Amino acid sequence: MATLKELSDQIRDDVLNQLVIRRTRTDLQSDLYKDDIKKQGIVFPKIQPPEGLPYEMTGSLAQLFVHTLDVIAPKVTHVDVDENGAREFDFHEEGINCLGYYRYRAIQYLKDAKNRKRYEYDSKRGREGSGSITVDDISERLAGLMELHLVKRLESSRNAFEESLQNLYQNTNNMIRMFERDRIFICPDFDIHKILNSYSESDTGKAFADIKAKMLAYNKKQQTEHNAEYRASDFKGEYLQNLKNDATLIGNLVDEWAKNKQDKKRDTFVKNIESKFLNKKNNPAQKIVVFTECIATQDMLFEFLNDEYPNQVLKITAKNRKDMQETLEANFDANYKGAQKDTYKILVTTDVLAEGVNLHRANTLINYDSPWNSTRLMQRLGRINRIGSTSEKIYSYNFYPSTLGDNQINLYKRTLIKLQAFHNMFGEDSQIYTQDEELVEIERPDFAEAESLDPKIEFITELRDFKEKEPAKYADLLAIKKPVVTAVAQNNGGQNHSGMYSLVQNGFFCVDEAHPAGFYAPNQIAFCRTIRELAKNEMRELSVSEYKDCQQKCLVAFQTQRSNEGLSVKSKTRVNEKDRLSAMKKLDELKKHYPLSAEVFPLFNDIKASVRGNNAPLIRKILDADCNGLLEIDSLLQDWYAMLARKVNGAMPRVNFMLVAKE
């Protein structure tokens, strides 16, 4: 989590703070906003820590579950996420007793290189037939994704799993049926199995005719050869036997699950309905919302709950949402303007209601399964965690993936990491999915007394007060469009000197004549605080020559900064994360043991920023440097800094200035 926190801090400080104004409830409940919130009558419900709903499979069900995973997940023994967010798999070879998902691997067994090349793809050039993504790559990925899909469905509910298992069984037999008739269609651009399944086996010839007609029409319209018909002889001899082996294994699983009717997850859910979910002490409104990813799981829950609570369970899907919108709002939206109703106390839905709707007459949420996209968890909770909630507290309950299943899909860890990154970057008021999440109060330098309060608030508040007290002056300042130059007499260690400030291309630049060779680029907060202090000093008019000189220096500084940034970007190559962290640590150690002169202190900040940005040549130079026995480090820093300012025609002159983006 240490590296995650560091990356999150960098993204927040360097990117998000420049683009986003974020207010958490901690901010809004502070003294700055307290009166406004009270005046509007706004009350925020308190979110209770998320609670897991453990369930234990024992006896014959546990044995069936383990056996099922051994059969359906022979290849994917672990799934993780790489640095780009793509899934990574560890593979084991499939065998006679485990699925190979050969229904998805037909192109891998084509004999002729020309036929195989038809399905290969050049990911860089964006065209077919070039071979950077081979038929082996495509087949392995499709098989791996189907394994993950089956495990995910198994974790959702036995109903969802059995539905997917039955579909895989049917489609695998469709492939065998095509081989037996020596007409094998491979059509990635449309679903041939939907057509085959719409005909009886005795009408297979008619199904083939429909597929052939659609294939020819599509190929002609799209100018493609992707969709094609083959003979059994076009495939390697072992492919048909592999398909038959898969069909046998799947058929056996279908039979075994049909015999075992146990559902421990559903039993746990039912056991907690009255004791937790509809407990009147915690849930006085007697309304709950249940989310699931799978339609089959939703259907099962609705059917079961409707037997227990007749006519009190509402099921919302993508198909009926529009028709049921009025009923939904009347029963679950606290902001509904019409007559509120209590016809329904339980809402069972998919992520069709994860956003864009108020459900905050309910204060209890149950995630029956965990979505791949962890953002959905925040969106789901946001349906009941809203201004205007009728409850003082919000409760959320989660069924986490089983230990065996999560060993395959790694869903719990991936979800936790993504949510933790959000907490680290933005700060958050509450845990979303698990009590393993660490809530983060963003540390603000020189503003610690406000804890996680956004430090911009003090300046926004000051500006708002100024606007109210001096509307005419505020309007005059707002009307200024051209660059502004001013001078401030500043006392620095007993010596008076002028600091000149200019607005260049929506940025503030400060030219400090006392240190013409220096460089400093603070963030917005540091700039505002500096200007606030300088504004207390005596001010004077600039002469025309001083004005022009200031403008020129600021423009040169601006161009130099852009030049150095460009050189730094050009020099970036892929660098080992361990090396980058080692270079950062080495810089911090040097700063700790060697005093930095005023001349090189700004250079040190630039060097560190470039290392943070993965400047590979600079990182290598820092790591290779022998710092033992150094008396001072000024010359060393200047040497490293030269790597940033070096150009073909020499380095541009630098002046001391400050740059802050204008909001």
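The values are calculated or read from the model by the stated rules, or taken from the named source; none is laboratory data. This one's a predicted model, so the numbers in the text were calculated from it and none came from an experiment. Backbone-built Cβ (ideal geometry, glycine too); neighbour counts: all protein chains shown. Protein only, heavy atoms only, side chains kept; ligands, DNA and RNA dropped before computing areas. Shrake-Rupley method; radii C 1.70, N 1.55, O 1.52, S 1.80 Å.
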Which residues qualify? For residue 47, with a placed amide H closer than 5 Å and at least 5 residues away or on another chain, they are 394
Starting from one equal scatterer on each C-alpha and no solvent at all, send me the Debye-based log10 I(q)/I(0) for the range 176-319 at q = 0.13, 0.15 Å⁻¹, two decimals.
-> -0.83, -0.92
Can you pick out the pairs among 38/473; 46/469; 34/608; 117/214; 345/393 whose Cα atoms lie more than 28 Å from each other?
-> 38/473; 46/469; 34/608
Could you give log10 I(q)/I(0) at q = 0.13, 0.18, 0.19, 0.21 Å⁻¹ for the range 253-409, computed by the Debye formula over C-alpha point scatterers of equal weight, without solvent?
-> -0.61, -1.15, -1.28, -1.55
Pull up all non-local amide H partners of residue 230: gap of 5 or more, or a different chain, and H-to-H distance under 5 Å with H placed in the peptide plane.
-> 184, 185, 186
To the nearest 10 square angstrom, how much accessible area does residue 589 have with a 1.4 angstrom probe?
-> 80
Residue 372 accessible area, nearest 10 Å², 1.4 Å probe?
-> 60
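Charges only on Cβ, +1 for Lys and Arg, -1 for Asp and Glu: so what's the dipole of the range 98-204 about the Cα centre, in debye to the nearest 20?
It works out to roughly 340 debye.
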Report ³J(HN,Hα) in whole Hz for each residue of the range 258-275, in order, from the Karplus equation J = 6.51 cos²θ - 1.76 cosθ + 1.60 where θ = phi - 60°; Gly and Pro get x.
-> 5, 7, 9, 9, 5, 8, 5, 5, 5, 4, 5, 4, 5, 4, 9, 4, 7, 6
